[in-house]
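Right, one structure below, let's go through it.
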Amino acid sequence: MKRDITAQLKIRHMSLIVALADHGTTHRAADAMNMTQSTASKMLRDVEDIFESSLFERKPRGLIPTPLGEFVIANVRAQLSRLRRFSDEFHARRSGGYGTLSIGAITGAAPDLVARAVAEIKRKRPQLMVELHGETSDGILDQLEGSLIDLAVGRFSDERQRSKFTFEPLAEERLVVVARSGHPLESAGVTRLADLANCAWALQPGTNPSRHVLDAAFDHERVRRPTNTIECSSILLILNLVQVSDALALLPEAVIEAYEKAGLFIRLPIRPEIRLAGFGLVTRRKEPLGEAAMEFCDILRARARRQIRT
C-alpha cells in the first residue's frame, strides 16, 4: 500500500531540499536556512526516510541530486512557489488589496495584445498588483511549470508540453523584415528574400521559433542562409542594432510598429509574408485560475477577437 508522503513532509523539509539543490552542500544549505550543519544532515536523513529513497549522492565535493531527487526538487520548488504566492496574496487581501496577477508573455504578443489587456484590467482593478514577464515561449513555460507565474501568452515549442498545459489559440504572429530608415535597401524595391542572403542580419538564436521560420524560408528559396550575422536573444538589443547599423532583422509586426511610425524603421515588402504559428493562452492543467486571472483571460479573448475582425 502506498504511503501518503504529503502527510509527513513539512514545509521546512521542502525548504531544505531546495536549499541543498541550490547550494550543493549541507554546510552552505544550513547557513542559508539559519541552522547547524548537524541539524541539516539529520533533517536530510529524515526526508530521505520519508521518501524511502536517496535524493542526493554524497560526493567529496558536495551533493549531487539523483534522478529521483531531480524529480522531487522540481516539484517541491513549484509547491513552495505556490505557497509563497498564496501567502503574498493572502496578506494583500487582508490589508485591503486585491492580490497579485503574474503573467508571462512572448515579445510578439506583449507590446499590443497583452499590454492593452493589462491596461484594461488595471482600469477595472486599480489595486491589483500585475507582474508582467517578457520572455521566449520556452522561458515563460518554464516559469509556468514552476508556478512562478499564473498564466502565459505564448506557444508550444515541444509536443510534450501539451501534457502539462492547456492551450487556447488567440492570434497569429506576423513577422516583418526591417531595416533602419535611410538604409541602402530603402529604395531598392527588394521583394524577394533570396536577394537578402548576403546582407548583414541581427538574428535571434537558432532555437528561437522566428529563426526557424526564417531559415526555412531561405531554404525554400534554395539560397544559402545568411552568414554575416549577429545572434542576440534580446529583442531590445536587436532593435538597437538595427538602428545603428545596416543589419536587417526579422521581428514581430507588433514590436516594430511604434518604431515605424516614429520614422526610425522601414519594412521591406518581402513576399510571401513570413508568419509564425499562432500564439495563445497557456495555463497549467487541472489547476483552476484565480478570479483576477480568469477576468484577465476574458479580456484577452475579447481583444483577440476584435483584432481578428479588424
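None of the figures in this text is laboratory data; all of them are computed from the coordinates on show. Just so we're clear, the structure is a prediction, and the values are computed from it rather than from any experiment. Cβ placement follows ideal geometry from the backbone for every residue including glycine, while neighbour counts extend to all protein chains displayed.
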**Furthest towards positive pole of dipole, 24, 129, 115, structure part the chain, Cβ charges** = 129
**Prompt:** To the nearest 20 debye, what charge dipole does the chain have about its Cα centre, counting +1 at the Cβ of each Lys and Arg and -1 at the Cβ of each Asp and Glu?
**Reply:** 640 debye
**Prompt:** Simple spin-label model, 7 Å along Cα-to-Cβ: residue 88 to residue 57 in nm?
**Reply:** 3.6 nm
**Asked** If the cut-off is a Cα-Cα distance under 22 Å, which lysines reach residue 59, setting aside same-chain residues fewer than 8 apart in sequence?
**Response** 42
**Request:** Write out the GluC sites (Glu not before Pro) in the stretch 27-97 meeting two conditions: DSSP loop, and at most 13 other Cβ atoms within 10 Å of their Cβ.
**Result:** 52
**Request:** For every helix of n ≥ 4 consecutive DSSP H residues, a contribution of -39,500 (n - 2.57) applies; sum these over the chain, divide by its total residues, and give [θ] at 222 nm rounded to the nearest 500 deg cm²/dmol.
**Result:** -13500 deg cm²/dmol
**Asked** How big is the gap, in Å, between the Cα center of the stretch 45-62 and the Cα center of the stretch 201-226?
**Response** 46 Å
**Item:** trypsin sites (Lys or Arg not before Pro) within the stretch 207-278, DSSP loop, no more than 11 other Cβ atoms inside 10 Å
**Value:** 222, 224
**Message:** Could you tell me the calculated FRET efficiency between residue 302 and residue 159, based on Cβ-Cβ distance and R0 = 30 angstrom, to the nearest 0.05?
**Reply:** 0.55
**Request:** Find the all-direction average of the projected area of the Cα convex hull for the chain, expressing the result in square nanometres with one decimal place.
**Result:** 21.5 nm²
**Message:** Taking the Cα of residue 3, stepping 7 Å toward and past its beta carbon, and measuring to each backbone N in the stretch 35-66: which are under 16 Å?
**Reply:** 43-55
**Request:** Estimate the FRET efficiency between residue 277 and residue 75 by the formula 1/(1 + (r/R0)^6), using the beta-carbon distance for r and 35 Å for R0, to the nearest 0.05.
**Result:** 0.75
**Message:** Placing unit charges on C-beta atoms (Lys and Arg positive, Asp and Glu negative, everything else neutral), compute the dipole magnitude of the stretch 5-78 about its Cα centre in debye, rounded to 20.
**Reply:** 200 debye
**Request:** Report the charge-dipole magnitude of the stretch 173-276 in Debye, nearest 20, computed about the Cα centre from +1 at each Lys and Arg Cβ and -1 at each Asp and Glu Cβ.
**Result:** 120 debye
**Asked** Within the stretch 205-302, which GluC sites (Glu not before Pro) sit in a loop by DSSP and count at most 12 neighbouring Cβ atoms inside 10 Å?
**Response** 273
**Fill in**
Between the residues 189, 39, 152, the Cα farthest towards the positive end of the dipole of the chain, that dipole coming from +1 and -1 charges on the beta-carbon of Lys, Arg, Asp and Glu, is from 39
**Asked** Within the stretch 173-276, what percent of beta bridges assigned by DSSP are antiparallel, to the nearest 5?
**Response** 75 percent
**Asked** How many nm is it between the label spots at residue 41 and residue 187, if each spot is 7 Å from the Cα in line with the beta carbon?
**Response** 7.9 nm
**Complete:** As a percent rounded to 5, the proportion of antiparallel DSSP bridges among beta bridges in the chain is 65 percent
**Item:** Nitroxide proxy distance, nm - points 7 Å out along Cα→Cβ at residue 195 and residue 22
**Value:** 5.5 nm
**Message:** Straight-line reach from residue 164: which lysines fall under 27 Å, measuring Cα to Cα and dropping same-chain residues less than 8 apart?
**Reply:** 2, 10, 286
